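Report on the following structure.
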Amino acid sequence: MCGIVAYIGSKQCQQLLLEGLKRLEYRGYDSAGMAILDAGRLDLAKAVGKVANLEDKLETIGGLRGTLGLAHTRWATHGGVTEPNAHPHTDDKVGIALVHNGIIENYAALKTYLEEKGHVFKSQTDTEVLAMLIGELYEGDLEKAVQAALREVTGAYAIAVICEKEPDTLVVARKGSPLMLGIGNGEFIVGSDPAAIIAHTAQAVPLDDYNVAKVTRSGFRTTDIHDVPVTPKVMQLELDLEQIELGSFAHFMQKEIFEQPKALRNTLRGRLETREGRVVLGGVARLDKELTKARRVILTGQGTALHAAMIGEYLMEDLAKIPAVAEYASEFRYRNPIVEENTVVVAVSQSGETADTLAALREARERGALSLGVVNVVGSSISRETDAGVYLRVGPEIGVASTKAFAGQLTVLAMLTIYLGRKRFMSADQCADLMRELERVPDKVDRILESDQRIRKVTEGLVDRENWLFLGRGYNYPTALEGALKLKEISYIHAEGMPAAEMKHGPIALINDGMPAVFIANKGRQYDKVMSNIQEVKARGGRIIAVATEGDDQITRLADDVLFIPEITEPLSPMLAVVPLQLMAYHAAVLRGHDVDKPRNLAKSVTVE
Ligand code: M6R
């Protein structure tokens with residue numbers, strides 16, 4: 001999604017802004033731009049495509065000078081991918097430059113109003129309307145003009161604004177789209193993501209909805225849009241530079257797949273008291289009483305996070321015996337859901353900023369649900385808006401394809417299941433057994449990663465096929481969905497995931513000679529049924545790739561290729577079964593020559609509904 005970086009201080013800021021943009025590239029974008037204020041004059045540069053194109057442009061024009069500036073990576077929503085539509089946008093009256101993440105929903109009405117006042121627009125964006133509106137309302141005070149303009153807009157925004165008439169002022173604001181103010185030594189760096197800030201400072205103020213910050217070289221103040229002062233909450237960013245650099249890996253996705261064992265050890269650290277069969281979740285302990293009364297759990301998220309939520313649904317019903325349902329956040333919000341007393345909503349999200357998930361969470365809270373967050377990014381909107389939560393602690397995930405976050409989500413959901421189950425039907429021994437299995441997962445993932453080159457070889461033989469099926473049952477039906485999502489989003493191969501039994505109700509018609517059908521066929525309650533489904537596909541010429549349990553000879557005779565995973569209790573098997581699927585998707589994308597970390601049309605964090 002779009003990215004913002006802005007600077008005010010004493011350094012020449014072009015390079016710093018460019019570096020900030022590069023650290024935001026992973027979020028997904030299609031054009032970039034920058035504005036710097038020097039000696040009361042604004043200079044701008046914009047380019048379609050990569051940040052490298054903006055860099056070239058800057059070199060061609062001899063660079064921009066100045067110590068106050070802002071920059072942006074745009075992911076098109078209103079208007080095509082063109083230079084005029086790229087940010088920053090300017091007004092035509094007082095020399096405003098503005099960058100914006102989000103969507104101004106009432107931009108059309110505001111545009112008509114501004115056109116009637118004689119303003120002439122150069123782009124098709126909603127953002128330019130906001131720049132013009134601030135210019136129109138400017139009466140010698142940028143902060144006040146921004147506040148006044150924001151009182152007129154509906155929608156979501158994170159903005160940074162500068163004005164030729166105020167060379168010592170940067171104004172930033174947020175509603176519904178993340179933004180933080182990094183506090184450096186005699187300088188301030190604003191970013192829509194900690195990655196843009198961390199090279200300069202670990203101290204930051206995450207803005208809350210409707211917060212406006214006026215930043216000068218000597219300090220800052222925060223208010224709401226009605227100019228009521230707001231006390232800033234300074235936090236320490238838990239991120240170090242190494243975590244957001246590639247090191248010896250070719251891509252962030254590859255790095256993050258290989259980081260999974262370490263990430264999972266981190267997720268588990270200090271949370272399992274195995275001998276007592278007790279899970280210690282500091283973040284939710286204070287809601288103990290309310291959670292004991294929980295009668296129903298709604299798990300919600302989008303994409304990979306939804307797949308984790310679906311496995312959470314199986315875990316909670318099967319083990320903790322709590323009625324549970326997993327649902328697309330985007331659907332939950334708009335279908336007038338019934339939220340009964342003692343319902344707990346669990347919002348699952350890597351970024352903690354997904355607009356659909358945030359909106360569903362707000363809806364559920366509004367209807368009286370107790371809310372828990374299963375989130376990776378500390379201090380993110382979802383983590384702040386839930387009653388309590390459990391962080392994934394898997395470290396920053398940069399690759400657009402979510403991998404280690406999925407592993408962390410499953411681990412947290414398993415712990416949450418034990419936590420809730422222990423209050424109901426799970427005995428201490430049963431909990432302890434599951435916890436012992438959980439503790440062994442990181443080593444088992446390590447073992448799967450050792451077969452990386454074999455998985456690459458298998459993928460080589462399939463990569464030219466344009467249609468794949470991913471099939472699984474029970475706990476591994478969502479794993480099949482996840483395998484298909486991974487493949488399609490980075491390799492652009494069409495893939496469908498579904499319950500293995502569903503195939504014969506229609507999709508079986510698709511099967512032709514050599515069509516790859518990836519079965520998750522590990523040992524479990526439905527093993528025999530999955531074997532029958534494999535036979536059905538094989539009989540129609542499909543090529544069978546099976547993810548199976550080590551030592552399974554039967555599958556070796558049946559499948560064309562087998563990718564083995566270590567033995568594990570069925571409820572935790574998705575944590576292993578997904579790893580070969582992640583690696584297959586990764587290799588398929590590399591073999592097809594795609595930009596794995598920046599797949600076309602996609603954004604890391606989808607902050608618009
Ligand atoms: O940050 P979130 O976990 O809320 O993101 C949800 C989805 O947008 C995300 O999982 C998406 O589907 C990934 N690209 C999948 O790899």
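The values are calculated or read from the model by the stated rules, or taken from the named source; none is laboratory data. It should be emphasised that the depicted structure is a prediction, and the values quoted were computed from it without experimental measurement. Cβ: placed from backbone, ideal geometry, glycine included. Neighbour counts: every protein chain shown.
Of note:
- Take the conditions (1) away from the ligand (no atom under 16 Å from the Cβ); (2) in the same structural domain as PHE564 (by TED's automatic domain parsing); (3) surrounded by 24 or more Cβ atoms within 10 Å (Cβ to Cβ); GLY483 misses just one of them, which is (1).
- Odd one out for ARG269 among (1) exposed (fewer than 15 other Cβ atoms within 10 Å of the Cβ); (2) within 15 Å of LEU372 (Cα to Cα): (2)
- Annotation: of all residues in segment 283-314 being among the β-branched types (Val, Ile, Thr) and either over 21 Å from LEU602 (Cβ atoms) or outside any helix (DSSP H, G or I) (or both), the one that is farthest from the ligand (Cβ to nearest atom) is THR292.
- Only a single item in (1) touching a residue at least 40 places away in the same chain (Cβ under 8 Å); (2) touching a Lys or Arg at 6+ places or on another chain (Cβ under 7 Å); (3) surrounded by fewer than 18 Cβ atoms within 10 Å (Cβ to Cβ) is not met by ASP208, and it is number (2).
- Residue match in segment 342-361 (condition: assigned to a helix (DSSP H, G or I), within 16 Å of the ligand (Cβ to nearest atom) and acidic (Asp, Glu)): yes
- Test: SER330 is surrounded by fewer than 21 Cβ atoms within 10 Å (Cβ to Cβ) and either within 14 Å of the ligand (Cβ to nearest atom) or touching a residue at least 60 places away in the same chain (Cβ under 8 Å) (or both): yes
- Matching residues in segment 552-609 - criterion: being of a type in the set (D, E, K, R), away from the ligand (no atom under 16 Å from the Cβ) and in contact (Cβ under 8 Å) with a residue 24 or more places away in the chain: ASP552, ASP561, GLU567, GLU570, ARG592
Conditions (1) among the β-branched types (Val, Ile, Thr); (2) out of contact with any helix residue (DSSP H, G or I) (no Cβ under 8 Å at 6 or more places or on another chain); (3) in the same structural domain as GLY373 (by TED's automatic domain parsing), marked per residue:
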{"site": "THR231", "(1), (2), (3)": "yes, yes, no"}
{"site": "ALA250", "(1), (2), (3)": "no, no, yes"}
{"site": "ARG265", "(1), (2), (3)": "no, no, yes"}
{"site": "THR292", "(1), (2), (3)": "yes, yes, yes"}
{"site": "LEU299", "(1), (2), (3)": "no, no, yes"}
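- Selection status of LEU372, crowded, with 24+ Cβ neighbours inside 10 Å, within 11 Å of the ligand (Cβ to nearest atom) and in contact (Cβ under 8 Å) with a residue 12 or more places away in the chain: no
- Checking MET1 against (1) over 23 Å from the mean Cα position of the chain (by Cα); (2) at pLDDT below 95; (3) of a type in the set (A, V, I, L, M), the condition it does not meet: (1)
- Taken together, the residues in segment 95-122 that are under 23 Å from LEU179 (Cβ atoms) and either surrounded by fewer than 19 Cβ atoms within 10 Å (Cβ to Cβ) or not polar (S, T, N, Q) (or both) amount to 13.
- Conditions (1) modelled with pLDDT of 95 or more; (2) within 29 Å of the chain's Cα centre (by Cα); number of the one not met by THR112: (2)
- Residue check, LEU68 closer than 17 Å to ALA145 by Cα and aliphatic (A, V, I, L, M): no
- Residue in segment 254-262 that is surrounded by fewer than 16 Cβ atoms within 10 Å (Cβ to Cβ), more than 16 Å from the ligand (Cβ to nearest atom) and without any contact (Cβ under 8 Å) to a residue 24 or more places away in the chain present: no
- Within segment 450-480, being of a type in the set (Gly, Ala, Ser) and surrounded by fewer than 18 Cβ atoms within 10 Å (Cβ to Cβ) holds for SER451, GLY461.
- Of the residues making up segment 41-63, those that are within 18 Å of GLU166 (Cβ to Cβ) and either surrounded by 19 or more Cβ atoms within 10 Å (Cβ to Cβ) or not aliphatic (A, V, I, L, M) (or both) are ARG41, LEU42, ASP43.
- Residue pairs meeting the criteria (Cβ under 8 Å; at least 6 apart or on separate chains; first more than 12 Å from HIS100 (Cβ to Cβ) and in the same structural domain as GLU25 (by TED's automatic domain parsing), in segment 66-86; second of a type in the set (Asp, Glu) and assigned to a loop (DSSP other than H, G, I, E, B)): ALA76/ASP30; VAL81/ASP30
Let's see how each residue does on (1) outside any strand (DSSP E or B); (2) of a type in the set (Phe, Trp, Tyr); (3) in contact (Cβ under 8 Å) with a residue 60 or more places away in the chain:
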{"residue": "GLY102", "(1), (2), (3)": "no, no, yes"}
{"residue": "LEU114", "(1), (2), (3)": "yes, no, no"}
{"residue": "GLY135", "(1), (2), (3)": "yes, no, no"}
{"residue": "GLN147", "(1), (2), (3)": "yes, no, yes"}
{"residue": "ALA160", "(1), (2), (3)": "no, no, yes"}
{"residue": "GLY182", "(1), (2), (3)": "no, no, no"}
{"residue": "GLY186", "(1), (2), (3)": "yes, no, yes"}
